[in-house]
Every structure is written in C-alpha cells, then in structure tokens.
C-alpha cells in the first residue's frame, strides 16, 4: 500500500510539472506577443487556454480522489494540499497570459514605441516572471526549498517595476493623447505581471510548507490578497 501511495504522489507531482511547463510556455509566448506585437503568437495562446483550464480541472479531480481514497496525514497531506493550491495558482497565471494575449489580438493600436518599452523595462518584467517560474519548478523537482525562498525576494523587483511604470505611462499620455488606449493596455499588462508575482510567491510558500512544514506567509512583508 505504501509503495502504491508513493507512486500516486509521484504521479500528481509529474502532472503539476506538466501543467507548469504548459503555463510557462503560455507566459513566454505572451512576452513574445507583446514585445513584437505579434497577433499570431497571441492567437496561439488563446487556443491553448482551454488546455490549461482542462488540465487544472483534471489535476484537481485527481488530488480530491486521492484524499478521499487514502485520507493522507502528515507530509503526504501537506504535499497534496500544496499541490492543490499550486495547481490553482498556475491556472491563474495562465489566465493572465491569456488576458495579455487578448489585448494584443483585439488591439487596433500599432506596435508600442521601442523607446517607451525600454523606459518601462517591460522585457525585464516578463523575464523576471519567467525566471521565478523556472526557479520554482526546479525547487519542486529537486525538493529544495532554497530555490523557493530565493524567489520571494524577486517579487520585490516586479513590485518596483510596476510602481515605476505608472508615472512613465502618465507622462507619455500627456504628450500623446492618441496613444492612451495602447498605454492603458500596457498598464494592464504590468498589473497582471505584478499579480503573477503574487501567485508565484504563494507557490514558493507552499513548496516550503510541504517540504519543511514551515509557514512563512505574512512574515517580514505585507501579506498577499
């Protein structure tokens, strides 16, 4: 029985990793779509959104079935609860990538000015999100909480870039009123990436929770909503 339970746990972890890879790819494509204002890439994200949703429901169902059948305790229960929450956070991140893609797909604006994007440091914003996702995936695969803890500090970069973007967008809007729809879209992208950072921080906390049975939420910084 113990061996069978271990196999089920490994299967759930493998499913989460596959979900992770799918969502990472969605966010990476979102980066390409925005920086290149590429509607074709944005359309690819839209098509794959249903797959993300279906995968999340599948994993949720498998976790619920496991808990109902085996009534796990201790580390096994912590693991399953963490996987359930991580799965939900990943689905939300996938939603943000999809929303970003919709802006590109439906926008009538032209490609954003390269100089403006440079000032905003939008590419750095996306790259930080993807770096956080990579580090957390490695943490989960290696069962190493150190990588997860390091990601929490990286969220400060996203908060900083998001805060600075507001003043830059307002300044640009004053100079070019016709660009306001595009600027509002860019502002929305920054907010979605900042919220993605919040979800990644949640994931980091869950990884530490089930590995070290430590709850670090709300310690040393303002809690996430």
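The values are calculated or read from the model by the stated rules, or taken from the named source; none is laboratory data. Computed from a predicted model, the values in this text were never measured in an experiment. Every residue, glycine as well, gets a Cβ built from its backbone with ideal geometry; the counts of neighbours run over all protein chains shown.
Here the condition is being surrounded by 18 or more Cβ atoms within 10 Å (Cβ to Cβ) and farther than 23 Å from residue 138 by Cβ; of 68, 42, 74, it holds for 42 alone. Could you tell me whether residue 175 is at pLDDT below 95 and either under 19 Å from the mean Cα position of the chain (by Cα) or over 26 Å from residue 102 (Cβ atoms) (or both)? In short, yes.
The residues in segment 56-100 that are touching a helix residue (DSSP H, G or I) at 6+ places or on another chain (Cβ under 9 Å), outside any helix (DSSP H, G or I) and without any contact (Cβ under 8 Å) to a residue 40 or more places away in the chain can be counted, and the count is 1. When residues in segment 1-53 are screened for being part of a helix (DSSP H, G or I) and over 19 Å from residue 80 (Cα atoms), 31 of them pass. When segment 101-124 is filtered for residues that are part of a loop (DSSP other than H, G, I, E, B) and at pLDDT 95 or above, only 121 remains.
Let me confirm something: among 29, 18, which residue is buried (at least 19 other Cβ atoms within 10 Å of the Cβ) and at pLDDT 95 or above? After ruling out the rest, the residue left standing is 29. Scanning segment 145-155 for residues that are within 29 Å of residue 187 (Cβ to Cβ) and in contact with a helix residue (DSSP H, G or I) (Cβ under 9 Å, 6 or more places away or on another chain), we see that the one that is surrounded by the fewest Cβ atoms within 10 Å (Cβ to Cβ) is 150. Out of the residues in segment 125-144 meeting the condition of being modelled with pLDDT under 95 and crowded, with 20+ Cβ neighbours inside 10 Å, tell me which one is nearest to residue 165 (Cα to Cα). Looking at residues that are modelled with pLDDT under 95 and crowded, with 20+ Cβ neighbours inside 10 Å, I get 139.
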